[in-house]
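Next up is a structure, given as structure tokens.
The values are calculated or read from the model by the stated rules, or taken from the named source; none is laboratory data. If you're wondering where the values come from, they're calculated on a predicted model, not measured in any experiment. Backbone-built Cβ (ideal geometry, glycine too); neighbour counts: all protein chains shown. All accessible areas refer to the heavy atoms of the entire protein, side chains included, with ligands and DNA or RNA removed. Shrake-Rupley method; radii C 1.70, N 1.55, O 1.52, S 1.80 Å.
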Amino acid sequence: MKKKVLYLVLYLLFALCLPVFADTGIKVVVDNIELTFDVPPVNQNGRLLVPVRAIFEALGAEVDWDKETQTVTAVKGETEVKLIVGGAAVKNGIPVTIDVPASNISGRVLVPLRFVSEALGAEVSWSDANQCAYISDINAVAMKIHEDAWLEVASKAAYNPNYKYALYASRSLTVKNPEYYLKGDDLFDKYFRTLSERYYLERTQNTQEQDRIFEDIEKNSGNKFNWETSFDIKNHRKVGYNIYHTEAFLPYIDMRMHFMGSALKGTDWQATSISKAEFLYFKYHDKKPYLLFTEDGTAYTYLSSDGKLLNDDGSTAEKVVGKLALVFNEEKVWYPLMDRDDRGSDTTLAGIVGKYSTGDGLPELTETEKSIVQYLKQNTGLSGDLDQTWALFFAGKLHMEDWRWHYSIYSKLCPDYASVTNTNRAPMLLLARDSFVGHISNLVCPATSYLASIAKLQVLLESQNDNSGDQIAMVGMAITREYFKYVDTELYGKGTSLLITSEPENYYFNMDDTYLAKVGMCLYGSIEDMSILTVADLKDVEYFSAAIEWATMSSAHVITPVYYKNSKGSFENLRWGNGDYLATNRYKPTLTSVINNKGWILIAEASYFNKPQNQILTNMSEAEAINTLKRIAELSPDAFVTTKINPPNPSEGIPITEFIENIQDYRIIRYDW
């Protein structure tokens, strides 16, 4: 009898233990590879726990187990995660909240899947239908996208000047002629010093309040901006070059010398070392300054008239700390990495290099950066007056609302329009090229690749859950959510609509400017949307940037229509909305221009340039332009097209299907750029 009771007790104990490691049918997939565990995952209080070593090693972390303290330590790159069995969790030395701790279950240590994955930078999604957790290392996905984008843009710059100019618009310091950043910012400096200092001092993050302040400035401008009296270097808070909230950042070539207008208005006064040094460069412009840049991004300003070296905070520096990689002013450059050496024609430059350089001037690069730099060295050189003027235009972020202010530049770039001097707005075809080049510059922005990785992972989740009908909407909303985490203003949902001055179209802002200073408007947002979708490379998704006029009011707008199978939606100021915007909006939008990955199409030019109607301007071939317009008509058959931009009297337009039927009546004029 005792023996039977003993057997019964042992049986019950065994039975009670079985559910712990019974096969739950739950699967875990990391980067498309299903993991195999020696014990199956456990669902504890609604949280999935998995064997510690298997999950950490699948995520690329090194794992250590301290039996005495019952502590698991995982290290991946610069991230360290510690979990105490039954206790706390610590990330990089800081305690973090964890709803289910690591557990010792029947002698095996299991850890919460979502917590450890997200702590190491991975993204986790759950499919009820498949009872599967999908994990993707989002930073690895983003970095692959980012490296591929850099290689593509840098290589295409060899034969397509739009890609070369895009690299100058990106303001990466790894170009052959970095002096054009100073030349471009000199144009801004001259303009900004004609304006009220209140534009510089105003720092609200509320777009409506900024509108009121700018209206008041227009009425009561006060003192003009002056480097001596308006500016204080101590106000500007130094930040690192990775302002993009992603690990998809190449340590040297992603360091940028941001457009000075955006840098002066950086959110919460943020500015990088090179930007702070540039502020001092222009403050002491009469002292014949030079900028010095080291391989780790530390920058200095050398005042040649005084023989004085300044740190980026304005204090006197005794020496340059770190390897000097670049010295330049608006005319001369020493840059061994890019094979630039003007010391022979500039004794001051030679003296600076001789005094402060202690090595060969070649920064340490990753293997990928070495490949990219070879293209940049060969493909970013400037030759001839027109080539240099275009580089100045893009490096200086010039745009629409300063035709008269920079007439000498614009008339050279658009000689067919040079006779028009009674407007301050540049021709629309210049806006079209500006936007296309801006799109390409966004492709090499770290934030673009990160947001694209969010889109790709959302597609994976939706496909696993078989929500194909809602897939593009979920992708759009995922991009919107992540984007607004970092760049939204105080009025949630208003988007990145802060300005540098009261005129939103004086300068063209790309994704880098948006992340630095939350500057933006509908055009820049639409192009950023297109750039994100481009590097995401989502199957069966079609999109373009559409400039429109409203038939019912004197206003214009830019959106990004997106099409996926039978679904239609659009981005408007980087906010997602469902439906065919071109056909259903109550304000009756009429299409005026299109930008896609092939180039730009201008259906109508502004009336004040007195150009003939019935002509289409484009940088595509005639066949490409016609096919693009025909495809839009197929995607949005109820859309309308305008053939004459005539503010303040908007056109009702004509149906796009009628426009396509009669497209042979239009003269298509191709521009090489």
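Across the range 176-220, what is the number of residues that are of a type in the set (A, V, I, L, M, F, W, C) and within 19 Å of L398 (Cα to Cα)?
Matching residues across the range 176-220 total 5.
Still on this model: Could you go through the range 439-454 and let me know if any residue there is β-branched (V, I, T) and within 30 Å of L195 (Cα to Cα).
No, the range 439-454 contains no residue that is β-branched (V, I, T) and within 30 Å of L195 (Cα to Cα).
Would you say S435 is free of Cβ contacts under 8 Å to residues at least 24 places away in the same chain and either part of a helix (DSSP H, G or I) or closer than 24 Å to K156 by Cβ (or both)?
Answer is no for this residue.
If you take the residues in the range 507-547 that are closer than 20 Å to G476 by Cβ and among the β-branched types (V, I, T), which one is surrounded by the most Cβ atoms within 10 Å (Cβ to Cβ)?
The qualifying residue surrounded by the most Cβ atoms within 10 Å (Cβ to Cβ) is I532.
Please find, within the range 168-213, the residue that is most open to solvent (accessible area, probe 1.4 Å) out of those that are polar (S, T, N, Q) and over 25 Å from T489 (Cα atoms).
Top of the filtered list is T194.
Conditions (1) modelled with pLDDT under 85; (2) open to solvent by less than 20 Å² (accessible area, probe 1.4 Å), marked per residue:
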| residue | (1), (2) |
| --- | --- |
| F115 | no, no |
| E118 | no, no |
| G121 | yes, yes |
| A129 | yes, no |
| I135 | no, yes |
| A142 | no, yes |
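Which residues, taken from the range 258-303, are crowded, with 16+ Cβ neighbours inside 10 Å and in a loop (DSSP other than H, G, I, E, B)?
Correct list: H258, F259, K265, G266, T272, Y284, E295, D296, G297, T298.
Closer than 22 Å to V153 by Cα, among the aromatic types (F, W, Y) and open to solvent by 60 Å² or more (accessible area, probe 1.4 Å): is that true of Y375 in this structure?
Criteria met by Y375.
Regarding the range 319-327, can at least one residue be identified that is of a type in the set (G, A, S), at pLDDT 95 or above and assigned to a strand (DSSP E or B)?
yes
Restricted to the range 564-590, and to residues that are in a loop (DSSP other than H, G, I, E, B) and among the polar types (S, T, N, Q), which residue is most open to solvent (accessible area, probe 1.4 Å)?
Taking the candidates together, the pick is N566.
Separate question: As an exercise: evaluate K355 against (1) open to solvent by 20 Å² or more (accessible area, probe 1.4 Å); (2) touching a residue at least 60 places away in the same chain (Cβ under 8 Å) and give the number of the one condition it does not meet.
(2)
Looking at this structure, is F231 outside any helix (DSSP H, G or I), more than 17 Å from the chain's Cα centre (by Cα) and buried (at least 16 other Cβ atoms within 10 Å of the Cβ)?
Judged against the criteria, F231 is a match.
For the range 269-286, give me the residue count where each residue is within 27 Å of the chain's Cα centre (by Cα) and basic (K, R).
1
Anything in the range 101-122 that is assigned to a strand (DSSP E or B) and of a type in the set (A, V, I, L, M)? List them, or say none.
Across the range 101-122, the qualifying residues are I105, V109, L110, V111.
Filter the range 625-649 for residues that are open to solvent by 60 Å² or more (accessible area, probe 1.4 Å) and either among the aromatic types (F, W, Y) or in contact with a strand residue (DSSP E or B) (Cβ under 8 Å, 6 or more places away or on another chain) (or both); which is modelled with the highest pLDDT?
R631
Can you run down the residue pairs with Cβ atoms below 9 Å, 6 or more apart or on separate chains, where the first is in the range 38-55 and without any contact (Cβ under 8 Å) to a residue 24 or more places away in the chain and the partner is surrounded by fewer than 16 Cβ atoms within 10 Å (Cβ to Cβ) and of a type in the set (S, T, Y)?
P40/T24; N43/T24; A54/T36
Residue by residue, here is whether (1) open to solvent by 10 Å² or more (accessible area, probe 1.4 Å); (2) in contact with a His (Cβ under 6 Å, 6 or more places away or on another chain); (3) free of Cβ contacts under 8 Å to residues at least 60 places away in the same chain; (4) not hydroxyl-bearing (S, T, Y) holds:
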residue	(1), (2), (3), (4)
P415	yes, no, yes, yes
A426	no, no, yes, yes
L429	no, no, no, yes
V444	no, no, no, yes
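Same structure, new question: Within the range 358-369, does at least one residue satisfy the condition of being in a helix (DSSP H, G or I) and touching a residue at least 60 places away in the same chain (Cβ under 8 Å)?
yes
Among the residues of the range 245-264, is any at pLDDT below 95, under 23 Å from N442 (Cα atoms) and β-branched (V, I, T)?
So far as the range 245-264 goes, yes, one or more of its residues are at pLDDT below 95, under 23 Å from N442 (Cα atoms) and β-branched (V, I, T).
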